[in-house]
Each structure stands twice: as structure tokens, then as C-alpha cells.
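Enquirer: Below is one structure. I have some questions about it.
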Amino acid sequence: MILSALLIGACYIFTGYIWGLLYNAVFRRKEADFIRTFLGGMFLYEICFSIFVIPLKLKMVSLTTIAIIWGCIWIGSVVCILVFLRKSCKPPIHSLQRYFSDNRPFVILISVFVLVEIIFSAIYGRWSSSNNPAEYVAYVTTAVFTDQLGTTDPWTGMIRQSFEPRLLTQTFLDHSAVVAKIFHVHPLIEIRHVVPAVFYITGAMAVFLLAEAVFKKSSQQTIFFFIYQAASAVTVRGYLLPGYYLFFRNYEGKDAIPALVIPIAFYTVWKLYEDPEDKDVLIFGMVCLTGSYFYTGSTMYLVPVIFLAFIPGIIINKKHLQMARNFLLPLAPHLLYTAYYVAATNGTITWNILK
């Protein structure tokens, strides 16, 4: 089980980096730093998977068929990126190596912290007294054992009348089912061990990216990193105790809010205040925030509030048009998802399941 989890986790990390090279090439990035390369690639990968899987899910194509097709796309994309973009592989790695050599103690300290989080979650993260795991863990296990995505109610074992609107778009769960099929592992290994570990690693990168933007000294960045992690654990409450979602139920995608969405959104706002014409940051924010909707629809409640910070800049900054653009473009996915969610929940849109 441990070897399977390590193998799948390594595939996630490797894929995020390789797709990051594609992200750099598509958007013609000049600075090939490691963290933005990786996060951009990870969210770009999730967006492409979602575009691929949602129509097939609605057509009730079997999970086995979807896994075979996506497995070929997954391997083929990685090979093609390595072949055509092999010259761009080294710069992000070199930037990471330079930072590590200059700030070794702080990088090691943060890495150990993330490792402790992963081990704690692996040992104690199975505990939960709520009904929600039926929507997340059981969604993946039910999909694997019925060979269908989202058609069976985990509570009753009966075929649904229609697809559940929120879980239709929360495609990281579908990806977990696909991964379980591809690697022939029990879905609990993927959803309860691999997914939390990936959230901790990518979340640490996102928080550190924000820290690096705000503070110049590595010691200040490290202090901010731990303050942010402590604040997330204490203030992001579940209904039982602080840190409940962070440590015991982050496999539900809710941890993407404090771990990924908040730091990336604030990073985008901060950098665009510094330079309203920085299209690289604008695109990064748009890609990551758009991809986050496929982890949790709760992004639609948070992003507009964070981006209200642009209002003073639009008023007092001389570059009114650029600031207004920076405010409106990242909100476009929010408006689209909100419109979909309202229409789906009030019955205007119904995704009926074919019998």
C-alpha cells in the first residue's frame, strides 16, 4: 500500500512539473521559477482533465473506458512535452536549486513540517464522524466498483435520477477514480492517502509563493509560512474542532480553499498592485483560480471578496483600465460557475442520467 501511494504521489508531482513546462510555453513565460511552473501546470492539467471527463460522464461512458483513454492521453502528453520542450526542463529546477543552496535551513524546516503533516494525516486522517465521507470517499469507491462516474447514490446503492450538480464539476474525485483504475489500487489508497499528501505539498508551495512576494528575507518568509499554517489550522473551523478540514477531511477538496485558493488569490492581487501590467501574474491567477473550481465550488464565495481589494487601486491608481481589467478577468470564471450553480440547484438545468 505504501509503495503504491508513493508511486502515485510521485506521478502527480512529476506530471504537475511536466505540464508546468507546457504552461510556460503556452503562455510564453519569461521567468521559469519552479513554484509557479508547478502550480500553473497542476491547475492546467486539472482544467484539461475536467474538459475531457465531464462530457464523457454525462454520456455515461464506463470508468474503464475513460481510464484507458485518459491513461493514453496522460502518458502521451508527458512524453510529447518532454520531447518538444526538453530544453526548458532545466531552468525551473535550477531556480529551485539556487534557492535551496541560499536558504538551506529554512527549506529543510518547511519540508520537515510538510512531511509531518503528511504522516499525521496518514495515521489519523481516517477519523471522521460526519456523513460527508459518503459524498467524497464513497463517491470514488462507488465509481470504481460500479464502473460509472456519479451515477450511483453512495447512501442507497440506487441509480440517481440526475447528476448531483456540485459533484458533477468537482472532477478531482473523478480523477481519483480514474487513477485507481489505471494503477489497479484500492480507491481508498488514492483518496485518503495520496490526495491529502498532494494537497499539503502544493499548499505549502502556494503559501510560500505568497510569502516570497510580500517579504524579501528568507527568515521572514519562513515565519510568515508558519504563522499562515497556524492561522489556517485555528481559524478554519469544522463543526467539531479547529483544523478539522485541514487534517481530517482535506481529501474532500475543502482544504484547497485555505491551502491554495486564498494564498494564490492574495498573491495575484499583491503582485498586480505592484505592477498592473504584469500579464504573467494575471494569467497565473486566472488559470489557478479557474482550476480551483474543479476541486471545490466554494471558491465562488471567496474570490469576489478577496478581489474587492482591487477597488482602491482602481480609484487611486493612474492605470485605471489595467486595474479594472485585473479585477474583472479573474472574476469571469466565478461568474460562469455561479450562474451554473444557481441554475443547477434551482432546477433550471438538470443533468438527467440515461437509463
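Enquirer: Can you give the angle from 0 to 90° between the axis of helix 172-183 and the longest principal axis of the chain, with both taken from C-alpha atoms, to the nearest 10?
Expert: Once rounded, one gets 70 degrees.
Enquirer: Which of rounded, prolate, oblate describes the stretch 36-92, given a ≥ b ≥ c as roots of the alpha-carbon gyration tensor eigenvalues and a/c under 1.5 marking rounded, otherwise prolate only if a/b is larger than b/c?
Expert: Here the stretch 36-92 falls in the oblate category.
Enquirer: Quick check on the stretch 1-156: take the gyration tensor over C-alpha atoms, sort the square-rooted eigenvalues as a ≥ b ≥ c, and tell me if it's rounded (a/c under 1.5), prolate or oblate.
Expert: oblate
Enquirer: Measuring from label point to label point, each 7 Å out along Cα→Cβ, what is the Leu96 to Arg28 span in nm?
Expert: Placing both labels 7 Å beyond Cα along the Cβ direction yields 2.7 nm.
Enquirer: Quick one: of Lys87/Lys271; Lys217/Lys271; Lys57/Lys279; Lys59/Lys181; Lys87/Lys181; Lys30/Lys216, which pairs are farther than 25 Å apart, Cα to Cα?
Expert: Table pairs above 25 Å Cα-Cα are Lys87/Lys271; Lys57/Lys279; Lys87/Lys181.
Enquirer: Along the charge dipole of the chain, pointing to its positive end and built from +1/-1 on Cβ of Lys, Arg, Asp and Glu, which listed residue (Val195, Val107, Ala67) has its Cα farthest out?
Expert: Selected residue: Val107.
Enquirer: Next question. Considering only the other residues whose Cβ falls under 15 Å of the Cβ of Phe49, what net charge follows from Lys and Arg at +1 and Asp and Glu at -1?
Expert: My count for the surroundings of Phe49 gives -1.
Enquirer: Give me, ordered by chain and number, the residues 5 or more places off Thr152 or on other chains with an amide H under 5 Å from its own placed amide H.
Expert: When sequence neighbours closer than 5 places are left aside, the close amide H contacts are Arg160.
Enquirer: Follow-up. Which whole-Hz ³J(HN,Hα) couplings does the stretch 113-118 yield from phi under the Karplus relation 6.51 cos²θ - 1.76 cosθ + 1.60, θ = phi - 60°, glycine and proline marked x?
Expert: Using θ = phi - 60°, the values come out as 4, 5, 4, 5, 4, 4 Hz.
Enquirer: Can you give me the Rg/Rh ratio for the chain, using Cα atoms for both radii and the Kirkwood formula for Rh?
Expert: When Rh is taken as the Kirkwood radius, the ratio is 0.95.
Enquirer: Moving on to the next point. Normalised by the residues of the stretch 2-345, what does the relative contact order come to in percent, with Cα pairs under 8 Å and at least six apart?
Expert: After rounding, I find 20 percent.
Enquirer: Treat every Asp and Glu Cβ in the chain as -1 and every Lys and Arg Cβ as +1, leave all other atoms uncharged, and give the resulting dipole magnitude about the Cα centre to the nearest 20 debye.
Expert: The calculation lands at about 480 debye.
Enquirer: Also, quick follow-up: Can you compute 3J(HN,Hα) from phi for each residue in the stretch 29-45, using the Karplus curve 6.51 cos²θ - 1.76 cosθ + 1.60 with θ = phi - 60°, rounded to whole Hz and x for Gly and Pro?
Expert: 6, 8, 9, 9, 6, 5, 5, 5, 4, 5, 5, x, x, 5, 6, 4, 4
Enquirer: Given the options Phe113, Phe224, Phe38, which has the most mean-square fluctuation in a GNM of the chain, springs set between C-alpha atoms less than 10 angstrom apart?
Expert: Maximum fluctuation in the GNM of the chain, among the listed residues, is at Phe113.
Enquirer: While we're here: Helix-derived [θ] at 222 nm for the chain: sum -39500 (n - 2.57) over DSSP H runs of at least 4, divide by residue count, nearest 500?
Expert: Calculated at 222 nm, the ellipticity per residue is -22500 deg cm²/dmol.
Enquirer: Using modelled backbone amide H atoms (1.01 Å from N, in-plane), which distant-in-sequence or interchain residues come within less than 5 Å of Trp351's amide H?
Expert: So Trp351 has HN proximity to Phe163.
Each reported figure results from applying straightforward, stated rules to the coordinates on display, with no laboratory input. Just so we're clear, the structure is a prediction, and the values are computed from it rather than from any experiment. We place every Cβ from the backbone using ideal geometry, glycine too, and count neighbours over all the protein chains shown.
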